[in-house]
1. Which condition from (1) open to solvent by 50 Å² or more (accessible area, probe 1.4 Å); (2) of a type in the set (Lys, Arg); (3) in contact with a Gly (Cβ under 9 Å, 6 or more places away or on another chain); (4) over 15 Å from Glu523 (Cβ atoms) is the one that Arg486 breaks?
2. From Phe86, Phe59, grab the single residue that is in contact (Cβ under 8 Å) with a residue 60 or more places away in the chain and outside any helix (DSSP H, G or I).
3. Report yes if Asp632 is part of a loop (DSSP other than H, G, I, E, B) and either buried (at least 20 other Cβ atoms within 10 Å of the Cβ) or touching an Asp or Glu at 6+ places or on another chain (Cβ under 6 Å) (or both), otherwise no.
4. Condition first: closer than 22 Å to Met511 by Cβ, surrounded by fewer than 19 Cβ atoms within 10 Å (Cβ to Cβ) and under 26 Å from the mean Cα position of the chain (by Cα). Can you find one or more residues in the stretch 438-456 that meet it?
5. Could you grab the pairs with beta carbons closer than 7 Å, sequence gap of 6+ or different chains, first residue in the stretch 229-245 and more than 14 Å from Val35 (Cβ to Cβ), second one among the basic types (Lys, Arg)?
6. Can you find a residue that is surrounded by 16 or more Cβ atoms within 10 Å (Cβ to Cβ) and within 16 Å of Tyr545 (Cα to Cα) anywhere in the stretch 379-388?
7. Just the residues that are open to solvent by less than 10 Å² (accessible area, probe 1.4 Å) and touching a residue at least 60 places away in the same chain (Cβ under 8 Å), please, taken from the stretch 457-468.
8. Does the stretch 426-437 hold any residues that are of a type outside the set (A, V, I, L, M, F, W, C) and crowded, with 22+ Cβ neighbours inside 10 Å, and which are they?
Amino acid sequence: MIYRQEIDGLRAIAVVPVILFHAGFDTFNGGYIGVDIFFVISGYLIGSIIIRQKQAGKFKISYFYARRAQRILPALSFVVFSSSIFAWIFLNPADLKFFSQSIAAVATFSSNVLFYLQSGYFSPASNEIPLLHTWSLAIEEQFYIIFPALISLFWFLKRRHLVILIASIGLLSLMATEFLSDDLAEANFYLIHSRAWELVAGVLLVFIPIPSQPITSGKHETLSLLGFLLLIVSFIVINETTPAPSFYTLIPVAGVALIIIYGNKQTLIGRLLGQRVFVFIGLISYSLYLWHQPLLAFLHLKTVGQPSVYLKITTLALIFPLAYLTWKYIEKPFRRKNKFSQKQIFIFSATTMSAFLVAGIIGHVNNGFASRFPSNVLSKTTLSSPKRDKCHTKGNDYLLPAKACRYFGEDINWAILGDSHVTEIGFALAEELKKTNNGLLHLSFSDCPPALLFEPNLPGCSQWLKDSITQIVNEKTIKNILIGFRHSYYLYGNHTDFYPELPDLDPRRIMTKRYRTTRSAAEETYWNSFKEIITRLLKANKTVYVLFPVPEIPMDINKAIHPFSIFNSKPLLDLEKSTPLSFYKKRNSFILKKLNTLPYGKRLIAIKPTQVYCTNLYCRAMLNNQALYFDDDHPSIAGARLLSQLFTPYL
């Protein structure tokens, strides 16, 4: 196969934005589409190898797999092994257990499946998972298994029919992508059925005649320039809110395709991509990709709040020499065709992957080896509600309010209504109610804002809320309702993504297009919707308890209570002074101002968590050797029991 340096340049265009995106630089919010560029390039290169060898009658699947193993596994094994050493030293037991699962998934080419299964509201933050990036390698590895078999099986077809078959598979995959982009976003992102079309797009380019000798023409110049502009537009227009993959992904895929077909080294774009700096970055792009995620993840894991720009730049500066050394001393030597026999390659592959699989299983079974750290009583108190799995709901197939959980006493005269942040409080409140044989109706929906007067970008949320209010209103025995939502999260974003700075995302992002007018209008719509819930409940002669914002802490409590490393003993976070009260007030300034305007009295009562969680200067994360949270924002059972004291005068 003829070497094209402009394709290495294209790899540079792909990998640098990916790294900068994962480093958290806002300018590169669309940087993740670099992975899509890689998929098209891989499809083209692998398709070229297989189809041309088939045409020459020289294709041997064992040789193909040996070459793929030579290309992928040595550097991957080195980075995974190196990351494992750092994981043993720095990761807390829960994170090390998950890291162990990641190692096992790498060994079985199933990282994408693992991260899909682990995705969700309470999954680890993506920037804190050292081996998260191996999901894309798993996609390619699965492609390497499926595609050669598919081509071999249908090679008897005429060229035109084979192209139609491959294109049909790509089209079905693209349709699945668009169909799943909203309701099954995680599956759409991670699994091969929604990514196959990008690889297939690259394969189809193999069937388009490209002259063996580079030529230039107005057509080549124009279309290669168009392809490059499509990539630039993609990085600007596509961002974290864009469904990925989706029809939007056609823009960068088309751009890559045009460059591959028309951007030879005689064209302006070909010469640009063929510049030494781009080619060099392209050559080490695989090692760059391998190193960037573990280093950035460990940085985020060991930093309270968001890492400073200085720390990010320092980490980026470390990635490049590591990648160069890995490329020079591991990738290049192992890639030489005749240096190793197929038998040696397969023995090396089987040995390293088996070792990773066994290590992963051992780490999982031993629950992350908690004995690496000093005994920590707090780790046993970061507990969520035993009712959460059964009673907390989500999605279009939500638990109907009429069938919602009722506990513990027989006289159900209370209800909780809100998002996941009322779940533990409801459990603790129910424990108190049980003493007088009273109980409550549990109504909570994951990640659901008070969307009574607007439609959120969350399937099922708005309808569930309406059904829940109707259920409460119609149940005459229910006299008291606790209502609570994580308001500032919906309005302005997650605090841990910005701490110690304040998040300031646009509140319109949570609403469907119909409700996206101005930012201030979106804020008022949100507040009016919440206020309308209260109004309807008061009109139904209910007593309403309004939960003010629960203080948030800078990092997950399970990370905060453990030392920086196995060589330290002091918790990473000062648990008695975890969050400045001034941060809490600034973070929640809009909603606190609005909540303070409500006409509190006998039937409308304010419940203020700061009264028991905070001093005059700080809010705490622990009290009496018990953790008050089970992550960075949800009260633990112990925290909820502390909050339940605020209800004592009304029980």
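The values are calculated or read from the model by the stated rules, or taken from the named source; none is laboratory data. Bear in mind that the values here come from a model prediction, so they are computed numbers and not experimental data. Cβ atoms come from the backbone with ideal geometry, glycine included; neighbour counts cover every protein chain shown. All accessible areas refer to the heavy atoms of the entire protein, side chains included, with ligands and DNA or RNA removed. Shrake-Rupley method; radii C 1.70, N 1.55, O 1.52, S 1.80 Å.
1. Among (1) open to solvent by 50 Å² or more (accessible area, probe 1.4 Å); (2) of a type in the set (Lys, Arg); (3) in contact with a Gly (Cβ under 9 Å, 6 or more places away or on another chain); (4) over 15 Å from Glu523 (Cβ atoms), Arg486 violates only (1).
2. Exactly one of Phe86, Phe59 is in contact (Cβ under 8 Å) with a residue 60 or more places away in the chain and outside any helix (DSSP H, G or I), namely Phe59.
3. When the stated conditions are applied, Asp632 passes them.
4. Yes, the stretch 438-456 contains a residue that is closer than 22 Å to Met511 by Cβ, surrounded by fewer than 19 Cβ atoms within 10 Å (Cβ to Cβ) and under 26 Å from the mean Cα position of the chain (by Cα).
5. Sorted first by the residue in the stretch 229-245, then by its partner, the pairs are Thr241/Arg509.
6. So far as the stretch 379-388 goes, no, none of its residues is surrounded by 16 or more Cβ atoms within 10 Å (Cβ to Cβ) and within 16 Å of Tyr545 (Cα to Cα).
7. Answer for the stretch 457-468, where residues must be open to solvent by less than 10 Å² (accessible area, probe 1.4 Å) and touching a residue at least 60 places away in the same chain (Cβ under 8 Å): Trp464, Leu465, Ser468.
8. Answer for the stretch 426-437, where residues must be of a type outside the set (A, V, I, L, M, F, W, C) and crowded, with 22+ Cβ neighbours inside 10 Å: just Gly426.
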